[in-house]
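Student: I have a structure here, written as structure tokens, and I will follow up with some questions on it.
The values are calculated or read from the model by the stated rules, or taken from the named source; none is laboratory data. This is a predicted model, so every value here is computed, not measured. Don't worry about glycine lacking a Cβ; one is built from the backbone with ideal geometry, like all the others, and counts go over all protein chains shown. Calculation scope for accessible area: heavy atoms of the full protein, side chains included, ligands and nucleic acids excluded. Shrake-Rupley method; radii C 1.70, N 1.55, O 1.52, S 1.80 Å.
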Amino acid sequence: MTLFGRTFGPEEIFSLIFLLTALVLWLMAWRGERSWTHWFQRWESERKARRDAELSMEQDGQAPPRSSDGPRGPWG
């Protein structure tokens, strides 16, 4: 294989393939980490909003509404 007037041998072709594969794997891992971070931030803000609503209901002397959905939160 010739690129820019230089002939690449099998070792160099393998190294290029390996580096490109490593780059793809790194990008996939980074994307997963980023999506997990966004999910956790969204969950935390929703949890804080629910908690603030419960506290304001308790301060007003009203009982917070109970949901019949079952357990809530990330662990069930």
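Student: Taking the condition open to solvent by less than 100 Å² (accessible area, probe 1.4 Å) and at pLDDT 90 or above, does Arg42 pass?
Tutor: So Arg42 fails the test.
Student: Still on this model: Exactly one of these conditions fails for Gly32: (1) open to solvent by less than 100 Å² (accessible area, probe 1.4 Å); (2) over 28 Å from the mean Cα position of the chain (by Cα). Give me its number.
Tutor: Here Gly32 clears every test but (2).
Student: Do we have Leu20 as at pLDDT 90 or above, over 30 Å from Trp75 (Cβ atoms), of a type outside the set (D, E, K, R) and open to solvent by 100 Å² or more (accessible area, probe 1.4 Å) here?
Tutor: Yes; evaluated as a whole, the condition is true for this residue.
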